[in-house]
Amino acid sequence: MDDYNTQSGQSTYGESTGSGAAGTAARMKEQVSDKATDIKEKVSDFGRRAVEKIDDSRQSAADALDQTASSLHFGGDKLSSVAHSAADSIQATAKYVRQTDVKGMAADVGEFVKRYPGPALAAAAIIGFLVARGLSKND
């Protein structure tokens, strides 16, 4: 009877040789690793596409800033030097947006946070509040 059970690749306990908990664990580990790799690739691709879209829209954003600055300069003749100062700042921002890609902007933000952690934290809190408020209005 023992000869019958050990024939055809089965142990005396009815399990196939070469399989079992260790084989199942290895297959599961491989599947999890494959899924993690797929997810990592998808996230990377999503990030790359987002950066490309932002970079593509930089020119139009800079143009809109320039138009705003021109309007302020034109109307500023009637208002004050404050309007001209604001227009100059907007034009400088337009120039920065044209010349700096997303990676450069991210590096600049990182440098600002390192240099001025207090104001950066306050700005992040305000932005977070405004985003949360905007999202709650959409519900």
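Only the coordinates and a few stated rules stand behind these numbers; no lab work does. Keep in mind that what you see is a predicted model, and the values were worked out from it rather than measured. Neighbour counts are summed over all protein chains in view; Cβ atoms, including those assigned to glycine, are modelled from backbone coordinates with ideal geometry.
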For segment 27-32, Karplus couplings with θ = phi - 60° (6.51, -1.76, 1.60), whole Hz, Gly/Pro x: 5, 5, 4, 5, 5, 5
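By its C-alpha gyration tensor, with a ≥ b ≥ c as the square roots of the eigenvalues, how is segment 63-120 shaped: rounded for a/c under 1.5, else prolate for a/b larger than b/c, else oblate?
oblate
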At R0 = 25 Å, FRET efficiency that the Cβ-Cβ distance of HIS84 and ALA64 yields, to 0.05: 0.85
Gyration tensor verdict on segment 16-62 (Cα atoms; rounded if a/c is under 1.5, prolate if a/b is larger than b/c, oblate otherwise): prolate
Likely footprinting exposure, SER89, SER136, fewest C-beta neighbours within 10 Å first: SER136, SER89
Per residue, the convex hull volume that the Cα atoms of segment 22-139 enclose (Å³): 196
